Ligand SMILES: Nc1ncnc2c1ncn2[C@@H]1O[C@H](COP(=O)(O)OP(=O)(O)O)[C@@H](O)[C@H]1O
Ligand SMILES: [Mg+2]
């Protein structure tokens, strides 16, 4: 499914004196089947951008192609329901949207609302919960009884039950402990690799972005200042310096190893990969 932004601008409170331009002239083609990170300081426009992906926000100018859908400024856009089934958006702190009395009901609610039969909706809910690693023992519990990480998983299952082609997550790991955050990242990666979902992920965590994403969109003041392979972004010393981008731990580690005379694979992304290369070298 093609994702193509053409000259998108977005202005909040457009006709009011406090109108505020949150996005300017965004041109983007997001690759299908990949994991794309969206990074940038708070207020740079990340959340505004991703809300365009399922037409929660309609551009003030420009247009967005999303598969068969064309979302245009100043036009009545049709078929949004179908679009929202194809592009699932998991908000920041999605647990605030859990409101049914049991976990299973909560996840089944999405497909039911989209007109899928009750029976199939519950089947999808069970399968989605299993895919996010929530045990059947928990199905009848109240969502509020879960840990922070589990609540996020249930919220993601609620979107997965719609079987979207594209999954958009706005800071999914915010506020989770490191272990919960790591498990969530593993889940997101498996949704991409095993279930072929195109993933678009807003994140503040450059370590995670470096280790697990294919491409990165780097935003600043409502504009895209970099879009391309994640590894290339963090190799671009000039861009990093100019924009005070925080280097991932792995990149610092690679640089230190190089200074110490080790050969380090350009493409190594995780501490594990580097540790392996180092131990191979030492045992030689
Ligand atoms: N509902 C809103 N009304 C007015 N301005 C908003 C609203 N939401 C966000 N903004 C402004 O738009 C800009 C981009 O915000 P946002 O997309 O939330 O950035 P990010 O997700 O990168 O932190 C910021 O200047 C923010 O203050
Ligand atoms: Mg945001």
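Worth pointing out:
- Mean residue ellipticity, 222 nm, helices only, the chain: the sum of -39500 (n - 2.57) across DSSP H runs of n ≥ 4, divided by residue count and rounded to 500, is -11000 deg cm²/dmol.
- The ranking of 160, 246 by Cβ neighbour count inside 10 Å, starting from the fewest, reads 246, 160.
- Note on residue 263 and residue 32: with the Förster distance fixed at 35 Å, the Cβ-Cβ geometry gives a FRET efficiency of about 0.50.
- For 219, 144, 1, 208, order by how many other beta-carbon atoms lie within 10 Å, fewest first: 144, 1, 208, 219
- Contact order for region 1-65, expressed relative to its length and based on alpha carbon pairs under 8 Å spaced 6+ residues apart, stands at 45 percent.
- Calculated FRET value between residue 140 and residue 273, using beta carbons and R₀ = 35 Å, to 0.05: 0.25
- Distance in nm between pseudo-label sites at residue 41 and residue 193 (7 Å out along the Cβ direction from Cα): 3.6 nm
- The gain in end-to-end length when the residue 118 to residue 74 segment is fully stretched comes to 12.2 nm, 0.36 nm per residue minus the alpha carbon separation.
- In plain terms, the residue of 52, 227 with the fewest other Cβ atoms within 10 Å comes first and the most crowded comes last, giving 227, 52.
- Gained length - residue 81 relative to residue 14, 0.36 nm times residue gap less alpha-carbon distance: 21.6 nm
- Relative contact order (%) - region 32-150, alpha-carbon pairs under 8 angstrom, separation at least six: 17 percent
- Gyration tensor (alpha-carbon) shape descriptor, region 132-182, a/c threshold 1.5: oblate
- Extension reserve of the residue 21-residue 102 stretch, reckoned as 0.36 nm per residue once the Cα distance is removed: 25.1 nm
- In the chain, Cα pairs under 8 Å separated by at least six residues give a relative contact order of 21 percent.
- Shape analysis of region 5-53 places it in the prolate category; the axes a ≥ b ≥ c from the Cα gyration tensor give an a/c of at least 1.5, with a/b above b/c.
Only the coordinates and a few stated rules stand behind these numbers; no lab work does. Nothing here was measured: the structure is a model prediction, and the numbers come from that model. As a convention, Cβ positions derive from the backbone with ideal geometry for all residues, glycine included, and neighbour counts pool all protein chains shown.
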